[in-house]
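Remarks on the structure that follows.
The values are calculated or read from the model by the stated rules, or taken from the named source; none is laboratory data. These numbers come from a predicted model, not from an experiment. No Cβ is skipped: glycine too gets one built from the backbone with ideal geometry, and neighbour counts run over all protein chains shown. What goes into the accessible areas is simple: the full protein's heavy atoms, side chains included, and nothing from ligands, DNA or RNA. Shrake-Rupley method; radii C 1.70, N 1.55, O 1.52, S 1.80 Å.
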Amino acid sequence: MGKRIIVAGGGHGGIAAAALLAEQGFDVTVYERNRRKDMGYDWTDIFDKNGLFACGMEMPPKEKYRLKNDMTFIAPSRTAKIKQHVPEEQLEIQMERKDIYDHIIAFAEHCGVKFRFETEVKAPVMLGGRVAGIRTKDETVYADLVIDAAGINSPVRKNLPDCLGIQKATDKYDTFHVYRAFYNKTAPVEGDKYRVYLLFDGKQQICWVADDEEYTDVLIGRFTPLTDEEVEETLTKLRELNDDLGTERLRGGQYVTIPVRQPLGVLVADGYAAIGDSAFMTVPMIGSGIANSLKAARLLANDVIADDKELYSAETLWSYQREFYKKLGNGLAPLAVIKLMIASFSPNDLDYC
């Protein structure tokens, strides 16, 4: 043991894998471009708590989370809707993104992981066909294994040589451009608390308006980048339908790009393994990938620990690839096909009536 592992980027799955490996005696450092206090968007997220259990983490304190509301999906014509119902024991939990990071980072630090914040990863270091480390603005750092958790536009993945066979770029319908903010709540919500509008306003977009106790939570997402003017126009139309959506933005307001596609076809190479958004592990129809990334962290850590020859090659890491697809990836790929089908629909095609 004691082999050096670099986690490029502070994605949830990368930090969780770092924790599991550091706990077993590996020398693990996470390199993250943001400051510690800036980790996590200024909004909540929803995920399966079993992701935490897969990595040996406990539940966060009860005051830090609540159970997710059932969603109501509203047809483009708004003449019909379908309401989801999930049994309480199967409900996902909803937490502040910053609280999620606090929980995972504290676990990783307890396990012995070192963090280098405000250190942006620029590219991989290659020795022949092997990933041998990373380059930052100020230094070159070598390692026996690089775990790529640097996100959808990972500079590690995008700068790998073509011969490794790992897809670098995304296609038109592979990414979702999202605006998310919390506005003042101007009316009580008696009925549907989580309203999801499909192909809202006749455009290729999904919007939601959700009761978030103190706020009204709004998301606007499209396959093409959003402008401030388009956001304001859409918000005005959403307010006409939702009395609880006020005009004062209280928090959030960020624009984020997330993957909504099938996972990478190839996750590993000699000295390299992708995880989380770097490997497109989100649920394509939803865009949340925290639980999948945490579960993948356990699979990756198991594979690295089992490599008693300490090769960390494409061959020895292939068990991670195989197990990920058996347990998670095979269920995500069909959803990506459904997403592509829906993206081709007109509002009339999608109406339930």
Note to self: Students sometimes get this wrong: rank 247, 186 by accessible area, probe 1.4 Å, all chains present, largest first.
What the structure shows: 247, 186
Next item on the list: Would you mind checking the radius of gyration and Dmax of the chain based on alpha-carbon positions, in Å?
Entry: 20.7, 63
Note to self: Which GluC sites (Glu not before Pro) in region 214-298 sit in a loop by DSSP (not H, G, I, E or B) and have at most 12 other Cβ atoms within 10 Å of their own Cβ?
What the structure shows: 214
Checklist line | Listed residues 288, 131, 113: farthest to the positive end of the dipole of the chain (Cβ charges) | finding: 131
Check: Taking the simple approach of a point 7 Å from Cα along Cα-to-Cβ for both residue 88 and residue 351, what is their distance in nm?
Finding: 3.9
Check: How far is helix 12-22 tilted, in degrees, relative to the longest principal axis of the Cα atoms in the chain, given as a value from 0 to 90 rounded to the nearest 10?
Finding: 30
Checklist line | Cleavage-rule hits, GluC sites (Glu not before Pro), region 281-349, DSSP coil, Cβ neighbours within 10 Å at most 16 | finding: 310
Next item on the list: Only loop residues by DSSP count here, and only those with at most 16 other Cβ atoms within 10 Å; note down the chymotrypsin sites (Phe, Trp or Tyr not before Pro) in region 116-203 that meet that.
Entry: 117
Note to self: Using +1 at the C-beta of Lys and Arg and -1 at the C-beta of Asp and Glu, which of 165, 224, 178 has the Cα lying farthest in the positive direction of the dipole of region 135-283?
What the structure shows: 165
Item checked: Efficiency of FRET between residue 63 and residue 243 - r from beta-carbon atoms, R0 30 angstrom, step 0.05 -> 0.55
Next item on the list: Calculate the dipole size of the chain relative to its Cα centre from +1 charges on Lys and Arg beta carbons and -1 charges on Asp and Glu beta carbons; express the result in debye to the nearest 20.
Entry: 680
Notebook entry, point to check: If you average the sequence gap of Cα pairs under 8 Å that are 6 or more apart and divide by the length of the chain, what percent do you get for the contact order?
Noted result: 22
Note to self: With just the Cα atoms defining each centre, how far is region 12-39 from region 165-237? Give it in Å.
What the structure shows: 31
Note to self: What's the magnitude of the charge dipole for region 87-144 around its Cα centre, counting Lys and Arg as +1 and Asp and Glu as -1 at the beta-carbon? Answer in Debye, nearest 20.
What the structure shows: 580
Next item on the list: Can you spot the aspartates and glutamates whose alpha carbon is less than 18 Å from residue 326's alpha carbon? Ignore those fewer than 8 places along the same chain.
Entry: 303, 315
Check: So for region 225-353, Kirkwood radius off the Cα pairs, Stokes-Einstein at 4 °C and 1.567 mPa s: how many µm² s⁻¹?
Finding: 74
Margin query: I want to make sure I understand the PRE zone here: with the label point 7 angstrom from the Cα of residue 341 toward its beta carbon, which residues in region 270-294 have backbone N atoms less than 14 Å away?
Written below: 285
Item checked: Estimated FRET transfer efficiency when R0 is 35 angstrom, pair residue 224-residue 326 (beta carbons, to 0.05) -> 0.50
Item checked: With every protein chain in place, the chain: carbon and sulfur % of accessible area (1.4 Å) -> 49
Note to self: Starting from the 7 Å offset along Cα-to-Cβ, what nm value, one decimal, do you get for the label separation of residue 308 and residue 78?
What the structure shows: 6.5
Notebook entry, point to check: If you wrap a convex hull around the C-alpha atoms of region 181-235 and split its volume per residue, what is the figure in Å³?
Noted result: 86
Item checked: Computed helical MRE - 222 nm, the chain, DSSP H runs ≥ 4 contributing -39500 (n - 2.57), nearest 500 -> -8000 deg cm²/dmol
Next item on the list: Give, in nm to one decimal, the length gained when the segment between residue 172 and residue 251 is fully stretched (0.36 nm per residue of separation minus the Cα-Cα distance).
Entry: 25.5 nm
